[in-house]
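The values are calculated or read from the model by the stated rules, or taken from the named source; none is laboratory data. Treat the numbers as computed from the prediction; the structure is a model and nothing was measured. Here the Cβ is made from the backbone with ideal geometry for all residues, glycine too, and neighbour counts use every protein chain on show.
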Amino acid sequence: MARVIVAGYIVRFPMGGLVWTHLQYVLGLARLGHQVYFLEESGWPDACYHVARNVMTDDPSYGVDYLARLMERFGLGDRWAFRDQSGRFYGLPREAVDEVIAEAEVLINISGLSWFDGFAHVPSKLFVDENPAFTQIRAAQGDAWLCHLLDSHDLLFSYGCNIGQPGCSLPTTGYEWHPARQPLVMNLWPFTYDPQAERFTTIMSLRPYEPIEYQGQVYGHKDVEFQRFLDLPRHTPQPLEVAVSVSGEQQEALQGAGWHWVDAMDVSRDVDRYRAYIRGSRGEFSIAKNAYVRSRSGWFSDRSASYLACGKPVLLQDTGFGDWLPTGKGLLSFATLEQAVEGLARINADYQAHCRAARRLAEEYFDSDRVLGELLGLAGIR
């Protein structure tokens, strides 16, 4: 078995969905028997979100404490380190981190937001792009930092599974992008059938950063797409809920259109609360980022994969994911308001069958044993 480093982003933003995204890699690799370490650095000033104080700061104490308790909970208390803005190490000391890196066979670098001295010498360096469209367009525009980062890795993976395929408008800029799927440790997402569950839900942010323009097209965020479906609750008897952090005025607009609203920060305050919210839902209805839809990137949400794993049917805006992921039972796509209304009705008409199909999809396409085995296989690790 191999010594594997996962470089990611937990201390800096210790919120449920993002933490799960990275944690699944760590736990999944450990499950396969690999010696896995999680390494993270601050990267830039005021990079750490302190949940209790609701501020961005150089102080990593909240995230460090959270990560330490999380890794201890899963039996990996001595398998992590964080380097803060001043160069101080938490978890493993600097000397131990240097030794881990020197002996590592594989680096899995999620989003490329952490880089330690010595990473360049790891034999197999894998970059995982969580944000298709924005990454590829920035590279095509000549972003020097990003291009250097991509050039520093041996294999590039993206959740934009259609990149380089006919129908996807994203530039490859000479890079070979391998399709990636979010790994799920399935026993952490047990099948939860509850025919009395009332609401289709989702958890999202509307516009976390600025849109990007490429060849005369603007590639934006969920705020663009959500407006197209704002009136959906008026066209279906199915109760719909969205967990999103918005202004008071935006909240009134959502509720005025018939949406149930909860604060995304409250739902995502820790991994258990985030998972409980998904398990308590009837299913997921969600739109996608405008960039993913416009480019037909084939993106599929790690959050939606978690709904599927719990046996919660997913109705997700079409990004081209049907090119590689079966739809029709357990998972449906939509492009118009009418298709969204029809999809909700189809799921509710045969709800138990859709729930069981959702779980089967997750087992076949997102089980960490399979996903990470294939990922490492491309790096020559068995």
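Data table
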read-out: Some residue of the range 313-330 being on the phi > 0 side of the Ramachandran plot, crowded, with 22+ Cβ neighbours inside 10 Å and of a type in the set (Gly, Ala, Ser); value: yes
read-out: Selected residue (criterion: surrounded by the most Cβ atoms within 10 Å (Cβ to Cβ)) from residues of the range 331-350 that are in contact (Cβ under 8 Å) with a residue 12 or more places away in the chain and β-branched (Val, Ile, Thr); value: ILE347
read-out: Output for the range 152-194, where each listed residue is within 24 Å of GLY220 (Cα to Cα) and of a type in the set (Ser, Thr, Tyr); value: SER158, TYR159, SER169, THR172, THR173, TYR175
read-out: Candidate set from the range 223-254 (those that are among the polar types (S, T, N, Q) and either touching a strand residue (DSSP E or B) at 6+ places or on another chain (Cβ under 8 Å) or modelled with pLDDT of 90 or more (or both)); member that is farthest from ARG346 (Cα to Cα); value: GLN251
read-out: Counted residues, the range 1-59 - those being crowded, with 24+ Cβ neighbours inside 10 Å, in contact with a Cys (Cβ under 7 Å, 6 or more places away or on another chain) and among the polar types (S, T, N, Q); value: 0
read-out: Filter result for THR172 (over 22 Å from ALA309 (Cβ atoms), part of a loop (DSSP other than H, G, I, E, B), of a type in the set (Val, Ile, Thr) and touching a residue at least 12 places away in the same chain (Cβ under 8 Å)); value: yes
read-out: Residue within the range 98-117 that is closer than 24 Å to GLY380 by Cα, touching a residue at least 40 places away in the same chain (Cβ under 8 Å), in a helix (DSSP H, G or I) and of a type in the set (Phe, Trp, Tyr) present; value: no
read-out: Filter result for LYS312 (touching a strand residue (DSSP E or B) at 6+ places or on another chain (Cβ under 7 Å) and more than 20 Å from GLN227 (Cα to Cα)); value: yes
read-out: Residue match in the range 121-137 (condition: within 19 Å of ILE381 (Cβ to Cβ), of a type in the set (Phe, Trp, Tyr) and either at pLDDT below 95 or touching a strand residue (DSSP E or B) at 6+ places or on another chain (Cβ under 8 Å) (or both)); value: yes
read-out: Search result, residues across the range 153-211 that are touching a His at 6+ places or on another chain (Cβ under 6 Å) and surrounded by fewer than 15 Cβ atoms within 10 Å (Cβ to Cβ); value: ARG207
read-out: Residues of the range 186-230 classified as touching a Leu at 6+ places or on another chain (Cβ under 7 Å) and part of a loop (DSSP other than H, G, I, E, B), total; value: 2
read-out: Yes/no for PRO237 being in contact with a His (Cβ under 6 Å, 6 or more places away or on another chain) and either in the same structural domain as LEU18 (by TED's automatic domain parsing) or not small (Gly, Ala, Ser) (or both); value: no
read-out: Only one of VAL64, VAL51, VAL97 that is aliphatic (A, V, I, L, M) and over 13 Å from ARG12 (Cα atoms); value: VAL97
read-out: Residue match in the range 236-247 (condition: closer than 16 Å to ALA288 by Cβ, part of a helix (DSSP H, G or I) and in contact with a helix residue (DSSP H, G or I) (Cβ under 7 Å, 6 or more places away or on another chain)); value: no
read-out: Subset of the range 101-117 (residues that are more than 26 Å from the chain's Cα centre (by Cα) and at pLDDT 95 or above); value: ALA102, GLU103
